[in-house]
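Just so it is clear, none of the values below were taken in a lab; they were calculated from the coordinates. These numbers come from a predicted model, not from an experiment. Cβ placement follows ideal geometry from the backbone for every residue including glycine, while neighbour counts extend to all protein chains displayed.
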Amino acid sequence: MYDDVLIPTDGSETVSETLAHALSIASDNEATVHALYVVDSRITAAAADDATDLERSLEEEGQAAIEDVVDRAADAGLETVGDIRKGTPAKTILEYAADEGIDLIVIGTRGKSPREKVTSLGSVSERVVDNADVPVLVVRDAGV
C-alpha cells in the first residue's frame, strides 16, 4: 500500500514517538523511509547579519536529526533517504512529497491548548494536513 513514507523531522523528542509509528508502517509495507529536515528560511532571513552562521548551525542540527531517523530506519532493515532543504517548513514538506512520490507523510505534533489554537497561526502539521495530496498520519506527542 505504501512504497515511500516521509518523516519530517525537527530533531525534537516528539520525532521519537512519530518514528515508532512510521517505522512500523514502513516495515509492514517494506517501504522506503524518507527523512526530511527543513531549514526554515523565515528564521535565517530574520537573522540578517548572522544569517550565514545561523543557517550553518541549522544545517548541522538538521544533519543530526536526519542521521537519527536514517539510523533507526536502517536498524529496522529499511531502505532510507535523507534530505535537508531550505524553505518554509509546511510548503517544503509538501513539495518534497510531490517531488519524491511519497505515499504517506507521518508527522508529529505538539498538543495545543484551546487558547494556543486561537492565538497561533497554525502549526506545520496542521498546514501539511490541510494541503497534502496524500494521506497524513499525525502523531501527537504522548508527553502532552
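Normalised by the number of residues in the stretch 1-85, the average gap of Cα pairs under 8 Å and 6 or more apart makes the relative contact order 37 percent.
Using C-alpha pairs under 8 Å with a sequence gap of at least 6, the mean separation divided by the residue count of the chain gives a relative contact order of 32 percent.
Geometric descriptor of the stretch 4-140, per residue, is 104 Å³ (volume of the convex hull of the Cα atoms). Among the GluC sites (Glu not before Pro) in the stretch 1-60, those placed in a DSSP loop whose Cβ has at most 15 other Cβ atoms within 10 Å are E13, E30.
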